[in-house]
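Report on the following structure.
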Amino acid sequence: MSSPTSPEPGPFTGFPEAALDFYDDLEVDNTRSFWLAHKEQYDASVRAPMLALTAALEDEFGAAKVFRPYRDVRFRTDKTPYKTHQGAFVAAGPSCGWYVQVSARGVRTGAGFYRADPPALARYRAYAADPDTGPLLAELVAAAEADGWERAGDRLKTAPRGFDASHPRIALLRHRSLSFGRDHGFEPAVIGVPAFAETVRRDWRSLRPLVEALAEVLDDPFGAEPA
C-alpha cells in the first residue's frame, strides 16, 4: 500500500517488458549497486504498475499490501538483498487472501492461506474433517483444480495427530497452509495491456468462495487480535 505522501497511482496500463527485464538482470546481479543504478526502472516499470493494478481492484477486494523489495536476510544463509519478484496481497482474514506477483517469468495470481497459528490450524482441520463442512471444502478445492488452479502449500507427510490416515479428506487435513496459483506468463499481449486488470479480477473472483470460507474458519471466533 502506498504511503500517505505517495502520489495517487495512475490507471493500470499493464506490466511493461521493462519490468521483466529488470528482474532478469537482478537475478544475475543482486547487489545494492545494481539496485541503486536501476531504481528508477523498478519504480516506473514494476512498483507503479503494481500500485495501479491493486488500486483498480480495491473497490471489489479491498486495499492491498504491496510488499517491500528487500529480503529479510537476518537468519538466512542466502544474503542477497533484494527479492526477485514484486508481490501484492489483499487480506480477507488472518494470513489469508488474494495474491499477485510479477517476476522475470511473468505474472502469477493466487489465493489461499499461507500461515496458520496452532488454534487457527486446529479450526481448519476440524472444518475439513467435519462430515457436514468437510465435503463442501473438498468441493471448492476440486472446483478450483478443475478450473486450472495449481494447489500448493506446506503439508505433513503423515496424518496429523488425532486423525486417521484413512480419513476421506486426509489430503486436505495434511495441509498446514493451502494456496492456489496460476501463471499468466510474460507475453506483452497478455500482461502488458490494461485489460489484464480484469484477468486478475476474474481470477480472484473465481476463488472468492474458497477464500471467504477459509478466512471465516481461520479467524478467531472470539474476536481476539491476531498475534
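The values are calculated or read from the model by the stated rules, or taken from the named source; none is laboratory data. Computed from a prediction, not measured in an experiment: that's the story for all the values here. Cβ placement follows ideal geometry from the backbone for every residue including glycine, while neighbour counts extend to all protein chains displayed.
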Handout entry: Inter-residue pairs, beta-carbon under 6 Å, first within 18 Å of residue 116 (Cβ to Cβ) and assigned to a loop (DSSP other than H, G, I, E, B) and in region 133-157, second at pLDDT 95 or above and among the hydrophobic types (A, V, I, L, M, F, W, C), 6+ apart
Key = 153/178
Exercise for the section: Would you check which residues across region 171-202 are among the aromatic types (Phe, Trp, Tyr) and outside any strand (DSSP E or B) and list them? Expected result: 186, 196
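Each row is one residue, and each column tells you yes or no for (1) in contact with a strand residue (DSSP E or B) (Cβ under 7 Å, 6 or more places away or on another chain); (2) among the β-branched types (Val, Ile, Thr); (3) closer than 24 Å to residue 56 by Cα.
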| site | (1), (2), (3) |
| --- | --- |
| 136 | no, no, no |
| 162 | no, no, no |
| 167 | no, no, no |
| 180 | yes, no, yes |
| 184 | yes, no, yes |
| 194 | no, no, yes |
Handout entry: Count of residues meeting criterion [free of Cβ contacts under 8 Å to residues at least 40 places away in the same chain and either of a type in the set (S, T, N, Q) or outside any helix (DSSP H, G or I) (or both)] in region 116-132
Key = 3
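A quick yes/no check of all residues on (1) surrounded by fewer than 16 Cβ atoms within 10 Å (Cβ to Cβ); (2) touching a helix residue (DSSP H, G or I) at 6+ places or on another chain (Cβ under 9 Å); (3) at pLDDT below 95:
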| site | (1), (2), (3) |
| --- | --- |
| 122 | yes, no, no |
| 131 | yes, no, no |
| 170 | no, no, no |
| 180 | no, yes, no |
| 186 | no, yes, no |
| 195 | yes, no, no |
| 202 | yes, no, no |
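How about region 59-68: which of its residues are within 15 Å of the chain's Cα centre (by Cα) and either surrounded by fewer than 15 Cβ atoms within 10 Å (Cβ to Cβ) or without any contact (Cβ under 8 Å) to a residue 60 or more places away in the chain (or both)?
Scanning region 59-68 gives 62, 63, 65, 67, 68.
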Exercise for the section: Return yes when residue 75 is more than 26 Å from residue 211 (Cα to Cα) and in contact with a His (Cβ under 7 Å, 6 or more places away or on another chain) and no when it is not. Expected result: no
Handout entry: Every residue from region 153-209 that is among the small types (Gly, Ala, Ser), out of contact with any Phe, Trp or Tyr (no Cβ under 7 Å at 6 or more places or on another chain) and under 24 Å from residue 44 (Cβ atoms)
Key = 185, 189, 195
Exercise for the section: Could you please let me know if residue 76 is surrounded by fewer than 20 Cβ atoms within 10 Å (Cβ to Cβ), of a type in the set (Lys, Arg) and within 19 Å of residue 23 (Cα to Cα)? Expected result: no
